[in-house]
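Each remark here refers to the structure printed beneath this line.
The values are calculated or read from the model by the stated rules, or taken from the named source; none is laboratory data. Note that the structure is predicted; figures quoted are calculated from it, not measured. We place every Cβ from the backbone using ideal geometry, glycine too, and count neighbours over all the protein chains shown.
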Amino acid sequence: MATVHQDLGSAQAVSSATPQVMPEVRLYSHSALFYWWPVWMIGYVFALLSYLQGESVRIGNYEVWMHPSKNLGVLFTVVCTLVILITNVTLRGLMSVVVVILCMFFAVLFAWLDWWETILAWLPYLAMYMNLGFYVFFSTAVFICWALAFFVFDRMTYWRIRPGQMTLERVIGGGERSYDTRGLVFEKHLVDFFRHSVLGLGSGDLRIKTSGAHAEEIYIPNVMFVHRKVVQIQRLIAISPAGEEVVVTAGTPG
């Protein structure tokens with residue numbers, strides 16, 4: 001029995017001496033290239049279609065492989081144009097709803113005025129042909145830029161939030177800057193429907209306000225799964241290493 005008690009005491013001592021891993025949440029701010037994934041994805045799909053259903057076309061002294069349908073080039077151009085527009089024009093909250101309602105209104109208005117027949121009559125004259133080489137080269141170039149930004153450059157600087165502390169981490173140079181989470185106020189911006197919900201798949205922007213004599217306002221754009229991150233942060237920074245309650249304010253700016 002003495003041996004058993006000794007073993008139990010040793011196990012308790014070892015378990016108490018083992019350091020516990022402190023929970024944390026990491027916030028990565030992504031660049032606008034994060035929203036360009038539809039460009040390279042659709043480009044690769046059209047490259048595959050051009051390879052499987054394409055025809056050899058002679059242009060000058062060269063033979064190129066090209067899809068016989070003009071719709072692929074038109075759709076690819078439209079997708080690129082929409083991505084450029086969405087990533088450069090911000091429509092938050094009510095404004096995004098207004099834009100959707102306006103688009104529906106004009107669609108119904110054109111139908112009531114019988115303008116759609118005239119507009120669609122011009123589409124057969126709109127022809128854009130892109131060969132297999134273009135789709136492969138352009139999509140690969142965009143994918144490389146997107147991958148480098150998403151997996152490398154955007155992760156060189158990030159925010160690490162632990163109980164009682166929020167730290168700005170820099171991978172290159174090893175610089176750090178810490179903030180106390182007591183009195184911390186963070187806001188989740190109103191959602192830009194087209195950018196955050198359609199292209200960002202649930203991303204969003206955060207604005208954090210620190211307290212104290214040297215209060216700062218920190219803006220963290222393009223955070224993936226922002227709603228889930230906000231819930232995790234609310235639970236995490238309410239925990240104080242000293243066992244004290246931390247006052248945390250969260251909300252959406254009006």
Response to the item:
Filter the stretch 141-187 for residues that are of a type in the set (V, I, T) and under 20 Å from the mean Cα position of the chain (by Cα); the one that is farthest from Y35 (Cα to Cα) is I161
Response to the item:
Within the stretch 183-215, the residues that are touching a residue at least 24 places away in the same chain (Cβ under 8 Å) and charged (D, E, K, R) are E187, K188, D192, R195, R207, K209
Worksheet item: Within the stretch 217-239, which residues are surrounded by 15 or more Cβ atoms within 10 Å (Cβ to Cβ) and in a loop (DSSP other than H, G, I, E, B)?
Response: M224, I237
Worksheet entry | The lone exception for L201 - which of (1) at pLDDT 70 or above; (2) on the phi < 0 side of the Ramachandran plot it fails | (2)
Fill in: Exclusive hit being farther than 30 Å from A47 by Cβ, out of contact with any Pro (no Cβ under 6 Å at 6 or more places or on another chain) and either of a type in the set (V, I, T) or modelled with pLDDT under 85 (or both), set V89, V97, V78, V64
V97
Worksheet item: Hey, which of the strands (runs of 3 or more DSSP E) in the stretch 23-111, taking only ones fully inside, have at least 3 residues that are within 24 Å of A141 (Cβ to Cβ)?
Response: 62-66
Fill in: Flag for L102 being at pLDDT below 80, surrounded by fewer than 11 Cβ atoms within 10 Å (Cβ to Cβ), hydrophobic (A, V, I, L, M, F, W, C) and over 17 Å from V191 (Cβ atoms)
yes
